[in-house]
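The values are calculated or read from the model by the stated rules, or taken from the named source; none is laboratory data. All values derive from a computational prediction rather than experimental measurement. A quick note on method: Cβ atoms are made from the backbone with ideal geometry, for glycine too, and the neighbour counts reach across all protein chains shown. Just the protein is used for accessible areas: all its heavy atoms, side chains included, with ligands, DNA and RNA removed. Shrake-Rupley method; radii C 1.70, N 1.55, O 1.52, S 1.80 Å.
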Amino acid sequence: MKSVEDQVVEDEAGYQDDENMADIKKLKSVGICTVKGIQMTTRRALCNVKGLSEAKVDKIKEAAGKLLITGFQTASEYSMKRRQVFHITTGSLEFDKLLGGGIESMAITEAFGGKLQFHYYTFTAQLPGEDGYSGGKVIFIDTENTFRPDRLKDIAERFNVDHEAVLDNVLYARAYTSEHQMELLDFVAAKFHEEGGVFKLLIIDSIMALFRVDFSGRGELAERQQKLAQMLSRLQKISEEYNVAVFVTNQMTADPGAGMTFQADPKKPIGGHILAHASTTRLSLRKGRGETRIAKIFDSPDMPENEATFAITPGGVADAKE
């Protein structure tokens, strides 16, 4: 039996029959492609879409409301929905165990404190995994010019997979401003809708880099955090609406107050409480001996605080050797 939300997406054709196709095109231009997407968008935001009046927005909301049953559901019903969640392997059994099976879909996983060879996840997301995971395509948004396609060649050789086929399954975009980064999410949502179920992972490296450039000083901090909150809210909605995993990296900054607590490494992730609350799972990374790295659960709704040791090898992330 399909969930109500699955039925809503199928019933979208009925909504299109009632609406002017020009209005549908306007909604899709800003990444609103489903009835659930309309529900997730405020009237104020819809009114900001060029060509949509308040009266038109009210009509759209009313039409969507007739198709979508809103309100409460039992924990049992929500548990059924959660069965759609899948996990993408990290390449290390210990790291996977730390995360409860791997990088989780319908969630935002944030990592800070070190580089994690994110090229590798553009590969592992394409591989079939446990619990019926079929693999899929990846979108990589690069804000720091760190993506190296050739790195995937070494990783593909480790698994005896065609290098060119791996590259063809990764969509790459370079973001140059925080506004551009937000605009790319409109494309992402449209692409996920256009190729439903094909894409499994969205990577942003890094989430905060461009915000630090575009907004400087305490005078612009409030505006920066508001824009950041809007972007993170969009990411949360995309991950839930299209059942994809979202993996973001974050930068660190010195923590002047940490000296009072005698911390060995007085640094903290940037983004403040807004990023902290938006991320489903937060991972703290630090360098170990040689090629080893140590990941620690910094915050998670269901995983205990724990650590895992893994290795960065020429073939990507792997279990650390004893």
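Restricting the first residue to region 86-102 and requiring it to be not assigned by the TED database to the domain that holds ARG282, which pairs with a second residue that is surrounded by fewer than 24 Cβ atoms within 10 Å (Cβ to Cβ) and charged (D, E, K, R) meet a Cβ separation below 8 Å and a spacing of at least six or different chains?
Sorted first by the residue in region 86-102, then by its partner, the list stays empty.
For region 29-50, how many residues are open to solvent by 50 Å² or more (accessible area, probe 1.4 Å) and either in contact with a Pro (Cβ under 9 Å, 6 or more places away or on another chain) or at pLDDT below 85 (or both)?
Number satisfying all stated conditions: 2.
Which of (1) closer than 19 Å to PHE247 by Cβ; (2) touching a helix residue (DSSP H, G or I) at 6+ places or on another chain (Cβ under 8 Å); (3) not aliphatic (A, V, I, L, M) does GLN225 not meet, given it meets every other one?
Of everything listed in (1) closer than 19 Å to PHE247 by Cβ; (2) touching a helix residue (DSSP H, G or I) at 6+ places or on another chain (Cβ under 8 Å); (3) not aliphatic (A, V, I, L, M), GLN225 misses just condition (1).
Here are the criteria: (1) among the polar types (S, T, N, Q); (2) without any contact (Cβ under 8 Å) to a residue 60 or more places away in the chain; (3) in the same structural domain as ALA295 (by the TED database). Tell me which single one SER53 does not satisfy.
Just one mismatch for SER53, condition (3).
Go through region 126-154 and give me each residue that's polar (S, T, N, Q), in contact (Cβ under 8 Å) with a residue 40 or more places away in the chain and closer than 25 Å to LEU210 by Cα.
Hits for region 126-154 are THR143, THR146.
Condition test on TYR172, is it surrounded by 15 or more Cβ atoms within 10 Å (Cβ to Cβ), out of contact with any Ser or Thr (no Cβ under 6 Å at 6 or more places or on another chain) and not aliphatic (A, V, I, L, M)?
So TYR172 does not fit the description; no.
Output the residues belonging to region 117-151 that are part of a loop (DSSP other than H, G, I, E, B), modelled with pLDDT under 85 and under 15 Å from the mean Cα position of the chain (by Cα).
If the condition is that a residue be part of a loop (DSSP other than H, G, I, E, B), modelled with pLDDT under 85 and under 15 Å from the mean Cα position of the chain (by Cα), then PHE118 is the only one that fits.
Pull up region 117-160, narrow it to residues that are among the charged types (D, E, K, R) and under 23 Å from ILE238 (Cβ atoms), then point me to the one that is surrounded by the fewest Cβ atoms within 10 Å (Cβ to Cβ).
ASP131
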